[in-house]
């Protein structure tokens, strides 16, 4: 079940990342052509590109947890025993779940309150709430990813830092 859920989330993240990246790239290229080729510009282009990049950032946070790509300090991992190392990763994942829980709670709260106010974006005149929705969705994805990480840590024996680096290097090949 967890593998199926991970595969579905991987697919969702990949497709949305490609879509947001494509939107930002194409609109930026069109804006450059309009500005320098026709001495005009699209009034909404900057707003769409900014919101696309913001959405990519929130999707990328979940991808970072899945691939272990978030910034970390490895000094303690390098000198700690495998049991302490495992405990450090456990604490890190639990803190990540707590943070993601705040993202879910406050992200969906922000979405709801902004929807009630009827706030619109400056250029596109679309409901601003829809651009706050990725905060809550990202929190849900992060919780799922961290729970998967906890499950993996729970089911596998503790490894030393050198063994972890070797395992990560094997994943890259």
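The values are calculated or read from the model by the stated rules, or taken from the named source; none is laboratory data. Remember, predicted model here, so these are calculated numbers, not experimental data. Methodologically, a virtual Cβ is constructed for each residue, glycine included, from the backbone with ideal geometry; neighbour enumeration extends over all protein chains shown.
Details
- Within the range 46-59, considering residues that are buried (at least 18 other Cβ atoms within 10 Å of the Cβ) and free of Cβ contacts under 8 Å to residues at least 60 places away in the same chain, the one farthest from residue 97 (Cα to Cα): 49
- Residue within the range 121-130 that is touching a helix residue (DSSP H, G or I) at 6+ places or on another chain (Cβ under 6 Å) and part of a helix (DSSP H, G or I) present: yes
Residue-wise test of (1) under 27 Å from residue 155 (Cα atoms); (2) surrounded by 14 or more Cβ atoms within 10 Å (Cβ to Cβ).
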{"residue": "24", "(1), (2)": "no, yes"}
{"residue": "37", "(1), (2)": "no, no"}
{"residue": "61", "(1), (2)": "yes, yes"}
{"residue": "78", "(1), (2)": "yes, no"}
{"residue": "82", "(1), (2)": "yes, yes"}
{"residue": "90", "(1), (2)": "yes, yes"}
{"residue": "95", "(1), (2)": "yes, no"}
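- When residue 165 is tested against (1) farther than 23 Å from residue 11 by Cα; (2) modelled with pLDDT of 85 or more; (3) surrounded by 11 or more Cβ atoms within 10 Å (Cβ to Cβ), only condition (2) is not met.
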